Amino acid sequence: MTKSTLLRRGVFLFFGAVLMSVGLEIFLVPNNIIDGGITGISIILSHLTNIQVGIFLTLINLPFLYIGYKMIGKTFALSTLFAILIMSAGTFLLHPVRPLTIDPLLAAVFGGIILGIGVGMVIRFGGSLDGTEIVAILTSKKVPFSVGEIVMFFNLFILGSAGFVYSWDRAMYSLIAYFIAYKMIDVTIEGFDESKSVWIISDRFRTIGEAILDRLGRGVTYLEGEGGFSGDSKKVIFCVITRLEEAKLKSIVEELDPGAFLAVGNIHDVKGGRFKKRDIH
């Protein structure tokens, strides 16, 4: 890893951790609203003991830091440790600061947005601020449930606990904050201009492929396929586009072959090749 790459990673990990501490101490914690995972547990424990939330976030995450080191590697562990320390320092410094709002709905919405962006930024640059997913990965190997189902179960239990610790209206606000944070994590990791994979099967594959090259400026790859029912050989067009180009590509296919098979899927990351942003015309 070059020095510039290391510096870039450190800067984004720093800002992600700072944003999380802002979301917690300026919005969620003062309004008795929690998030899912280790964060939610830490907020509840902080409320019950009057000990700062950053201390619990650090202590509870330490065992998962070790597990992450064993499962994922040293770079992940060091990135996570750096982010956790910055986040803990941020919550300590921001704890005396008055919240920007005492309206629980505003706190849930804006706290969820800021916290989600912060956590997503840390994940995107190789770290983590919550050990729940690591636990879920380990547990999924021993029980007949997926990682996503285990995480959802953990979080429903944690968010439900807010009803007993605070009140049931705060539990509902916590659910709003969790949902918003969850979506913002996805947006931050994938980006607004996310990429999509496209598969097209058509007898007019050459015409469609040339139109995509000319009108979208996207490279295409022709793959050999075989119809499972008919046994006939088929040409399959594969290409990668941005979300903003999806409508244009669909109109191209509809115009040239209304009966063509078209499948579009999300891609989390694209590197290499000739994939660059082009003008649509």
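The values are calculated or read from the model by the stated rules, or taken from the named source; none is laboratory data. Just so it is clear, the model here is predicted, and its values are computed rather than measured. Every residue, glycine among them, receives a Cβ derived from its backbone with ideal geometry; neighbour counts consider all protein chains shown. What goes into the accessible areas is simple: the full protein's heavy atoms, side chains included, and nothing from ligands, DNA or RNA. Shrake-Rupley method; radii C 1.70, N 1.55, O 1.52, S 1.80 Å.
Under 8 Å for C-alpha pairs, at least 6 residues apart: give me the relative contact order for region 202-265, rounded to a whole percent.
37 percent
For the chain, give the magnitude of the charge dipole about the Cα centre (Cβ charges: +1 Lys/Arg, -1 Asp/Glu; no others), in debye to the nearest 20.
880 debye
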Largest to smallest accessible area among Met20, Met121 [probe 1.4 Å]: Met121, Met20
Residues Glu226 and Asp169, FRET efficiency given R0 of 51 Å [Cβ-Cβ distance, rounded to 0.05]: 0.30
Matching label, semi-axes √(5λ) of the Cα gyration tensor in Å computed from the structure shown, candidates [x] 46, 21, 17; [y] 44, 20, 20; [z] 39, 24, 17: [y]
Candidates Ala247, Ala171, Ala89: whichever shows maximal mean-square fluctuation once the chain is modelled as a Gaussian network with Cα springs under 10 Å: Ala247
Percent accessible area from carbon and sulfur atoms, region 40-121, protein chains only, probe 1.4 Å: 75 percent
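Please state the shape class of region 198-272: rounded when a/c is under 1.5, otherwise prolate if a/b exceeds b/c and oblate if not, all from the C-alpha gyration tensor.
Here region 198-272 falls in the prolate category.
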Acute angle (nearest 10 degrees) that the helix 3-22 long axis makes with the longest principal axis of the chain, alpha-carbon atoms: 50 degrees
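If the only charges are +1 at each Lys and Arg Cβ and -1 at each Asp and Glu Cβ, what is the size of the charge dipole of region 1-125 around the Cα centre, to the nearest 20 debye?
For region 1-125, the charge dipole is close to 580 debye.
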Label-point gap, in nm, between Ser161 and Glu255 - each point 7 angstrom along Cα→Cβ: 5.7 nm
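How do Leu223, Leu48, Leu65 rank by accessible surface area computed with a 1.4 Å probe, from largest to smallest?
Listed by decreasing accessible area, they come as Leu48, Leu223, Leu65.
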Pair Asn50, Glu210: separation of 7 Å Cα→Cβ label points (nm): 7.9 nm
Cα centroid separation - region 195-250 against region 9-29, whole Å: 42 Å
Mean Cα-pair separation over length for the chain, i.e. relative contact order, pairs under 8 Å, 6 or more apart, %: 21 percent
In Hz, Karplus ³J(HN,Hα) per residue of region 29-46 (6.51, -1.76, 1.60; θ = phi - 60°; x = Gly, Pro): 4, x, 9, 6, 10, 10, 10, x, x, 4, 4, x, 4, 5, 5, 5, 5, 5
Asp203-Arg243 FRET efficiency (beta carbon distance; Förster radius 35 Å; 0.05 resolution): 0.80
Per residue accessible area of the chain, 1.4 Å probe, in Å²: 56 Å²
Nearest 10 degrees, 0 to 90: helix 53-71 Cα axis against the chain principal axis: 50 degrees
Segment Val187-Leu78, extension gain: residue separation times 0.36 nm, minus the distance between their alpha carbons: 36.8 nm
Most fluctuating residue given options Ser128, Ser230, Ser42, as computed from a GNM of the chain linking Cα atoms under 10 Å: Ser230
Cα-projected label distance for Ala263 with Phe92, points at 7 Å along beta-carbon direction, nm: 5.3 nm
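Indicate the gyration tensor shape class of region 1-63 (rounded, prolate or oblate), computed on the Cα atoms with a ≥ b ≥ c the square roots of the eigenvalues: a/c under 1.5 is rounded; otherwise a/b larger than b/c is prolate and the rest oblate.
prolate
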The chain: angle of helix 168-190 to the longest principal axis, Cα-based, in degrees nearest 10: 40 degrees
Calculated FRET value between Ser4 and Leu106, using beta carbons and R₀ = 35 Å, to 0.05: 0.35
